[in-house]
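See below for the structure under consideration.
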Amino acid sequence: MNNPILSNLDPNSSEFKEGVASQLNRIDPTKPAGTKLCDAIMRLWPTPAFEAMLFRHPQQGASEIYLRRRALDDTAYPGQWHAPGALFRHGEKPRDVANRLKGEFGVPIEKFELVGYEITNEERGTVHSLIYLIQLVGDARIDDRHAWFSTNNLPQAMVDLHRDRIIPVAAQVYWQRFVNARRDH
């Protein structure tokens, strides 16, 4: 929807910004904003994200991480694998976001612990990634968009900042705890 009044104004003018602000004030901040609006706001304002890191260690082989593949028509990282997560909405606490992530995993997040923090500058804006190790109530869903991958063999089509920055932070904490737990037994 194009607003003919706003489209004729200089985007840097106070009149234009007041018009946009007036429209934004009509939006309920507790409801999903939608991808296009979210991306537009992210360009202007840093956004906090809950990065949910789920690991397991099979009897044989390397640790594995649970990943999700984005839809092919997604505006950010289409078709790429990433660790599940969600942006915080107005007024949400970490437990609120963890509860929303049940849709990603197919079962609720039982426990979560903040283990790291990364600030990343993406094409769509600045993200303050709060990195959590999580535990689920039951087993995570497995389908064509949700799967386990060896931490030594992550998929080629993967969000770079997850592969290069987010996952390594969580994997280091997980591995230290896993090794220490095995040593204590």
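For region 1-86, a crude dipole built from +1 on the beta carbon of Lys and Arg and -1 on the beta carbon of Asp and Glu, taken about the Cα centre, is about 280 debye to the nearest 20. Can you classify region 109-148 as rounded, prolate or oblate using the Cα gyration tensor, where a ≥ b ≥ c are the square roots of its eigenvalues, rounded means a/c under 1.5, and otherwise it's prolate if a/b beats b/c and oblate if not? Because a/c hits 1.5 or more and a/b fails to exceed b/c, region 109-148 counts as oblate. Output the relative contact order of the chain, whole-number percent, from Cα pairs under 8 angstrom with separation of 6+ residues. For the chain, the relative contact order is 24 percent. Largest GNM mean-square fluctuation across His162, His82, His146, computed for the chain with C-alpha springs under 10 Å, falls on His162. Result for the chain in a Gaussian network model with C-alpha springs under 10 Å: among Gln80, Gln135, Gln23, the largest mean-square fluctuation is at Gln23. Working note: 222 nm ellipticity from helices only, DSSP H runs with n ≥ 4, each -39,500 (n - 2.57), summed and divided by the residues of the chain, gives -8000 deg cm²/dmol to the nearest 500.
Taking the Cα centre of the chain as origin and assigning +1 to Lys and Arg Cβ atoms and -1 to Asp and Glu Cβ atoms, the resulting dipole is close to 460 debye. Taking every C-alpha pair closer than 8 Å and separated by at least 6 residues, the mean separation divided by the residue count of region 104-185 gives a relative contact order of 30 percent.
Projecting the alpha carbon convex hull of the chain along each direction and taking the average yields 12.4 nm².
Computed over the chain with a Gaussian network model linking Cα atoms closer than 10 Å, the most mobile of Pro155, Pro11, Pro94 is Pro11.
Every number here is computed from the coordinates shown, using simple stated rules; none is lab data. Nothing here was measured: the structure is a model prediction, and the numbers come from that model. As a convention, Cβ positions derive from the backbone with ideal geometry for all residues, glycine included, and neighbour counts pool all protein chains shown.
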